[in-house]
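The values are calculated or read from the model by the stated rules, or taken from the named source; none is laboratory data. Keep in mind the model is a prediction, meaning the values are calculated, not measured. Every residue, glycine as well, gets a Cβ built from its backbone with ideal geometry; the counts of neighbours run over all protein chains shown.
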Amino acid sequence: MQKYYSPFTHAELLEKVRKIRHVALDMDGTIYLGAKLFPFTLAFLNGLKEMGIGYSFLTNNPSRSMADYLAKLRNMGIPAEREEMFNTAVATIQMIQKTKPEAKHLFILGTKSMISEFEAAGFTLASEDPNDEPDAVVVAFDTELTYSKLCRAAWWISKKKPYFATNPDFVCPTDLPTVLVDCGSLCACLEAATGRKPDIMMGKPDPKMLDGIVERYGLKSDEIAMAGDRIYTDIAMARNAGALGVLVLTGETTLETALGNDPQPDITAQSLVEFGELLREARG
């Protein structure tokens, strides 16, 4: 494979890359796969520091609390602080507080780790008892899902309860011989059962996922690169936000899919290695 693919000329691309002051990094499929850190990740992050480029970790996967994600990164040798991490559980909490401030009691399809994030924000958890009526339903990537929980969520969704979903991903990347059914697939199941889509779907490709980075670091959208392994979330969000979209082929997307997509990503690279080389070339 050549070093990278782009709809822009090399000169045009270098001009765009030269503006980058911050890289938003998807996690699973981009800097690691499952429990395995890619061998180039630490060198890429160190290279960003050497060039004076900031970075943040931005994930659609809400199955872990922020504390658990930070612990995972640190165990992999990546020092990270809470302000460098953005995930869809936190984004969903903020959206509920903003749009449905009266909603305090939630029925949640999500892991215990994620639910702890909601409890820390002051929400209480509705049980599967049909008499324990929630104010709203939240559906997430739930690796601890039971059939009875899925049915109870469908019941409350059918009763027109406000319905939030954390992310649209259909599957989660993994290095294991299995398919990890993600939030988007659960929402498709619930839509078939109830006729309802989520009232609000958080996560990439919603450009609001980049708002925290823009506001925290005082950046313009074209000064941010979004690097990730999915066209329909990572790259779509970059396009929606006016950021540079960098597709890496270390996760879900194949080269054939990337080249057949219209429009193509700003950059399609085998991994973060090629993007790092472009950043260095653009800075001379």
Residues located in segment 92-117, provided they are touching a residue at least 40 places away in the same chain (Cβ under 8 Å), surrounded by fewer than 21 Cβ atoms within 10 Å (Cβ to Cβ) and in a helix (DSSP H, G or I)
95, 99, 113, 116
Would you please name the residue that is modelled with the lowest pLDDT, looking only at residues in segment 156-173 that are closer than 25 Å to residue 101 by Cβ and assigned to a loop (DSSP other than H, G, I, E, B)?
168
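So that you can scan it fast, the table gives a plain yes or no per residue for (1) farther than 27 Å from residue 222 by Cβ; (2) modelled with pLDDT under 95; (3) not small (Gly, Ala, Ser):
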| site | (1), (2), (3) |
| --- | --- |
| 24 | no, no, no |
| 31 | no, no, yes |
| 35 | yes, yes, no |
| 46 | no, no, yes |
| 58 | no, yes, yes |
| 65 | yes, yes, no |
| 78 | no, yes, yes |
| 84 | no, yes, yes |
List, please: which pairs have Cβ atoms under 6 Å, are six or more places apart or on different chains, and start with a residue in segment 50-73 that is more than 22 Å from residue 169 (Cα to Cα) and end with one that is of a type in the set (Gly, Ala, Ser) and surrounded by fewer than 20 Cβ atoms within 10 Å (Cβ to Cβ)?
none
Among (1) crowded, with 16+ Cβ neighbours inside 10 Å; (2) assigned to a helix (DSSP H, G or I); (3) of a type in the set (D, E, K, R), where does residue 252 come up short?
(2)
Output the residue which, of all residues in segment 66-90 that are crowded, with 22+ Cβ neighbours inside 10 Å and not in a strand (DSSP E or B), is farthest from the chain's Cα centre (by Cα).
69
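Answer yes or no as to whether residue 246 is part of a helix (DSSP H, G or I), outside the structural domain of residue 100 (by TED's automatic domain parsing) and not small (Gly, Ala, Ser).
The answer is no for residue 246.
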All positions within segment 223-240 that are in a helix (DSSP H, G or I) and surrounded by 24 or more Cβ atoms within 10 Å (Cβ to Cβ)
233, 234, 235, 237, 238
Looking only at segment 174-198, filter to residues that are part of a helix (DSSP H, G or I) and of a type in the set (Gly, Ala, Ser); which one of those is surrounded by the fewest Cβ atoms within 10 Å (Cβ to Cβ)?
192
Among (1) more than 23 Å from residue 207 (Cβ to Cβ); (2) buried (at least 17 other Cβ atoms within 10 Å of the Cβ), the one test that residue 133 misses
(2)
With the requirement that a residue be under 18 Å from the mean Cα position of the chain (by Cα) and over 18 Å from residue 125 (Cβ atoms), what does segment 143-174 give you?
167, 168, 169, 170, 171, 172, 173, 174
Looking only at segment 9-34, which residues are in contact with a Leu (Cβ under 9 Å, 6 or more places away or on another chain), of a type outside the set (Asp, Glu) and assigned to a loop (DSSP other than H, G, I, E, B)?
19, 20, 21, 27, 30, 31, 34
Got at least one residue in segment 20-41 being surrounded by fewer than 20 Cβ atoms within 10 Å (Cβ to Cβ) and under 15 Å from the mean Cα position of the chain (by Cα)?
yes
State all residues of segment 8-25 that are more than 26 Å from residue 203 (Cα to Cα) and not aromatic (Phe, Trp, Tyr); if no residue qualifies, say none.
9, 10, 11, 12, 13, 14, 15, 18
Any chance segment 192-207 includes a residue that's among the hydroxyl-bearing types (Ser, Thr, Tyr) and free of Cβ contacts under 8 Å to residues at least 40 places away in the same chain?
no
Determine the pairs where a residue that is under 18 Å from residue 115 (Cα atoms), located within segment 145-157, has a partner that is assigned to a helix (DSSP H, G or I) with Cβ atoms under 8 Å apart, the partner being 6 or more residues away or on another chain.
145/186; 150/186; 150/189; 150/190; 153/190
Do we find a residue being closer than 22 Å to residue 206 by Cβ and touching a Cys at 6+ places or on another chain (Cβ under 9 Å) anywhere in segment 143-160?
no
